[in-house]
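In what follows, a single structure is set out as structure tokens and then discussed.
Computed from the coordinates by the stated procedures, all read-outs in this text should not be read as laboratory data. Remember, it's a predicted structure, so these values are computed and weren't measured experimentally. Reconstructed Cβ throughout: ideal geometry from the backbone, glycine too, with neighbour counts over all protein chains shown.
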Protein chains: 2
Amino acid sequence: MSNKTKLIDPSHGLIRKCIKKPYAAGALSDLSFAVKDNIDLANCKTGNGNPCWEETHTKAVANAVCVDQLLTAGANCIGKTQLDELACSLLGMNEFYKNPINTKAPDRITGGSSSGSAAVVASGLVDFALGTDTSGSVRVPASNCGLWGYRPSHGLISTAGVIPMAPSFDTVGVFANNGQVLSKVLQVLLASVNTNSTTNLTINFLDDIFANCDFPIQQIMAPVINEITKVYPGQHVTYGKIVGEPIDSSWLAERAWPLIRSNLWSTHGSWIEENMSAFSPNVAYTFENISKRVKGGSRANIQGLLLETSRFARKVRHFLSNGNILCFPTTVDLAPKHKDILNDFFVSREYYLRTMGVTAISGVSRTPEITIPLVEYDGVPIGLSFIGGYADDLLLMDVCDSLKNIMGTELD
Amino acid sequence: MSNKTKLIDPSHGLIRKCIKKPYAAGALSDLSFAVKDNIDLANCKTGNGNPCWEETHTKAVANAVCVDQLLTAGANCIGKTQLDELACSLLGMNEFYKNPINTKAPDRITGGSSSGSAAVVASGLVDFALGTDTSGSVRVPASNCGLWGYRPSHGLISTAGVIPMAPSFDTVGVFANNGQVLSKVLQVLLASVNTNSTTNLTINFLDDIFANCDFPIQQIMAPVINEITKVYPGQHVTYGKIVGEPIDSSWLAERAWPLIRSNLWSTHGSWIEENMSAFSPNVAYTFENISKRVKGGSRANIQGLLLETSRFARKVRHFLSNGNILCFPTTVDLAPKHKDILNDFFVSREYYLRTMGVTAISGVSRTPEITIPLVEYDGVPIGLSFIGGYADDLLLMDVCDSLKNIMGTELD
């Protein structure tokens, strides 16, 4: 691979230099960005985090639509960033390449699968970066690396020219170092302008998630809630109130992950089965398991899972349609240390279930989520997430921007 | 190709027998269906309407998620149906295969690209069929062939295992002979139950479309409007009222088509450029033109088109969020005769612009649309369309079902 892929500086996240100049001056002039290597840049291979994928696919003939939007608005594209194999991980540990470093907590994982896009922003190489977020692949690394991270309302940002993974969940998201840059980028990608009408909103602290957090995160959150309620009316809510009945912490993950798996197999199952030897051992193990499940008839369960998650999604969207914003920690655990993941496969399994139990709220309900880099615990970044109503992405952006300004002065 | 593809009975729409038995008894037991050949059935090739596509792609390893939903609910799948090359047409005329017949008007086109799925329902071979609808590919053939046709709110029915074309516009839609069957299928695919709350609704007759219709369609519509207003409050509206300014009949088509083209090129541009000789002359001509435009820098226009269409979409969704239903003829022309299309390429160009000017309303605004087989003019079917608010698909279904019952008795 080394003669085909120029590894620019993988520890900073960039793996492929591929400069695309802006089409015109605009709102993003003077801003530079990079894109995850599952997003097309014209005349460039899209590697999808796996050497065999890169070898068996030809160059893209056009930029992804979202990239063309940014170039039209004046931004400069510098290249491609590292990701996990086929974007199928929340860890940011790709055995085929040197992995990006979490600059703020170097002994901990960046998170994935948009590991390089997080690192390239955290290291200051670019002003913002595009990632993809199917089940947390922007929000988790943003939280781990101390960045702003955004997952859009499903479908509102074009995925044309982005390798699909699980179409019902796939989104193009954004990393940035601050809310001002993120807001500018969102207005371009959503082809709209900010709403500036953050009145009559209530911030709802989702107690189920707070209660499930690791102790260090719980410890940090009490004063944060206090600060938020100085700006917006706030209240504590539970799943019981939102969806009509209590759900336990693994309920969502146990439904979202099989659905994503089914989507993935419909999207890439043929290619994966043909190229099973092309994956690293851990990834191959996961894919072999999915293949066995499909052959064992697991797909008859899809409708049951959809009935449950669709009901959940409708209740959440209804709750959010009346000026309610949901708020909770982006992940319930601090970013794991590399050595803990490498030494014990069960750490990552447990971590997955706990993390997807949180990231799947917006994933299943198709709503927008923004994670802001709240505070650090012993030097380790932690993100706080906000979810707004479907298509209320820019309103949510305004809320987060206003909160961050205040929290920054109080807590830094 | 003939030794690879069993042409079961192309004139009825079915091109590939591939039986999938239900996983269990359920709401769709005793109903049979077929799927457009850009939707995966496990262990079967997905031909995408082009012999070279079929040759260069392997068998699917899983059913599309939407197919598994139907099998779980008890429906029987009998096989695959004909479509236009890569689903890129509204005509239903694929030069590589014998085309399906419009049984109610055999001298006229079925419409496309879901030509076979329309024909297989119209000919009574199955109770319902899945198609895909990016810019009218379910609604146009449903209207032409005298069927119920449904395009969902964008993203609410899974497209996993369906070959993408233009992700921002792609949907999986349904054909049926009556509203009862369509309603049952929708409840399964949307993983929900009917709302039964069709109160406080207003039917809004979109005068811009009525005024732009061919004379025979205009002639038929006056008594129909009268019948509808006996059931629901009705009013006449214009684009001026909905989006704040008048737009002319080609405005939407002139924006939606370049956006779909850009999406298409991001999705399949590489494969198309490698296989340009694999297409029929008319399709190759279209693709060569798109390729030239991309190389000529047309993609710098994407953001301008998105700004205009996003604004239109927000205004339409806002209008529909208050119990308003839009109503207009599904197409502004009767299905063209085969000989007119074959003899004059400009007929199809003109027809496209006029048709997409109507079909792009829901396409751009991501809202659900149902076309019902209203009446026939001199034996030629004409559909009437209804658009509801985003995610209000089942409410819209109930409205259409109640209207059809009444109109059937009054006008048949």
Quick note, the stretch A:196-254: a/c under 1.5 would make it rounded; otherwise a/b > b/c is prolate and the rest oblate (a ≥ b ≥ c, C-alpha gyration tensor); here it is oblate
FRET efficiency for B:D107 and A:K230 from the Cβ-Cβ distance with R0 = 56 Å, rounded to 0.05, comes out at 0.15
Both in Å, the radius of gyration and Dmax of the C-alpha trace of the stretch A:10-189 are 14.2, 41
Comparing B:D393, B:D207, B:D127 in a Gaussian network model of chain B (Cα, 10 Å), the one with the largest mean-square fluctuation is B:D207
For A:M276, B:M221, ascending order of other Cβ atoms within 10 Å (fewest first) is A:M276, B:M221
One decimal, nm, nearest first: from B:R293 to the same residue in each other copy, label points 7 Å out along Cα→Cβ, the values are 4.2
Between the residues B:A122, B:P152, B:F205, the Cα farthest towards the positive end of the dipole of the stretch B:80-223, that dipole coming from +1 and -1 charges on the beta-carbon of Lys, Arg, Asp and Glu, is from B:A122
Computed for the protein assembly as shown: size of charge dipole around the Cα centre, +1 on C-beta of each Lys and Arg, -1 on C-beta of each Asp and Glu, debye to nearest 20, value 940 debye
Each residue of B:265-277 has, on average, a number of other protein chain C-beta atoms within 10 Å of its C-beta equal to 4
If labels are modelled 7 Å from Cα along the Cβ direction, A:N322 lies from its partners in the other copies at nm distances, smallest first, of 2.0
For A:T202 and B:N178, extending 7 Å from Cα along the Cα-Cβ vector and measuring point to point gives, in nm, a value of 4.7 nm
Computed for the stretch B:10-189: size of charge dipole around the Cα centre, +1 on C-beta of each Lys and Arg, -1 on C-beta of each Asp and Glu, debye to nearest 20, value 320 debye
Distance in Å, no decimals, from the C-alpha centre of the stretch B:146-161 to the one of the stretch B:323-365 is 19 Å
Here the relative contact order (percent) of the stretch A:10-189, from C-alpha pairs under 8 Å and at least 6 apart, is 25 percent
Computed about the Cα centre, the charge dipole of the stretch A:302-381 from +1 Lys/Arg and -1 Asp/Glu charges at the Cβ has a magnitude in debye, to the nearest 20, of 480 debye
Quick calc: nm separation of the 7 Å Cα→Cβ label points for A:V193 and A:A284 -> 5.6 nm
Here the net charge surrounding A:W251, from other residues whose Cβ is less than 14 Å away from its Cβ (Lys, Arg +1; Asp, Glu -1), is -1
If the chain between B:E274 and B:S29 were fully extended at 0.36 nm per residue, the gain over the current Cα-Cα distance would be 83.8 nm
Dividing the mean separation of Cα pairs under 8 Å (6+ apart) by the residue count of chain B yields a relative contact order in percent of 18 percent
With no solvent term and unit scatterers on the alpha-carbon positions of chain A, Debye gives log₁₀ I(q)/I(0) at q = 0.13 Å⁻¹ of -1.07
Label points for B:D248 built 7 Å along Cα→Cβ; distances to same position in the other copies, nm, shortest first, come to 6.5
Taking every residue of A:304-317, the Cβ atoms of other protein chains inside 10 Å of its Cβ average out to 3
Rounded to the nearest 5, the percent of DSSP beta bridges in the protein assembly as shown running antiparallel is 65 percent
With A:G116 itself left out, Lys, Arg at +1 and Asp, Glu at -1 over residues whose Cβ is under 11 Å from its Cβ give +1
1/(1 + (r/R0)^6) with r = Cβ-Cβ of A:Q218 and B:Y377, R0 = 60 Å, i.e. FRET efficiency to nearest 0.05, evaluates to 0.30
If you rotate chain A onto chain B, the residue of A with its Cβ nearest that axis, and the gap in whole angstrom, comes out as A:G155, 2
quick note, chain A, DSSP beta bridge pairs, % antiparallel (nearest 5) is 65 percent
Here the stretch B:331-338 yields Karplus 3J(HN,Hα) values (6.51, -1.76, 1.60; θ = phi - 60°; whole Hz; Gly and Pro given as x) of 10, 8, 10, 5, 3, x, 7, 3
What the 10 Å binned alpha carbon P(r) of the stretch B:218-366 shows, as percent of pairs per bin from 0, is 9, 30, 33, 19, 8, 1
Output field shielding_mean for B:53-62 (other chain Cβ, 10 Å radius) holds 4
Cα-Cα pairs in the protein assembly as shown separated by more than 51 Å, as a whole percent of all pairs, come to 11 percent
DSSP beta bridges in the stretch A:1-143: the antiparallel percent, rounded to 5, is 40 percent
Taking a crude spin-label model, label points 7 Å out from Cα along the C-beta direction, the B:E254 to A:E54 distance in nm is 4.5 nm
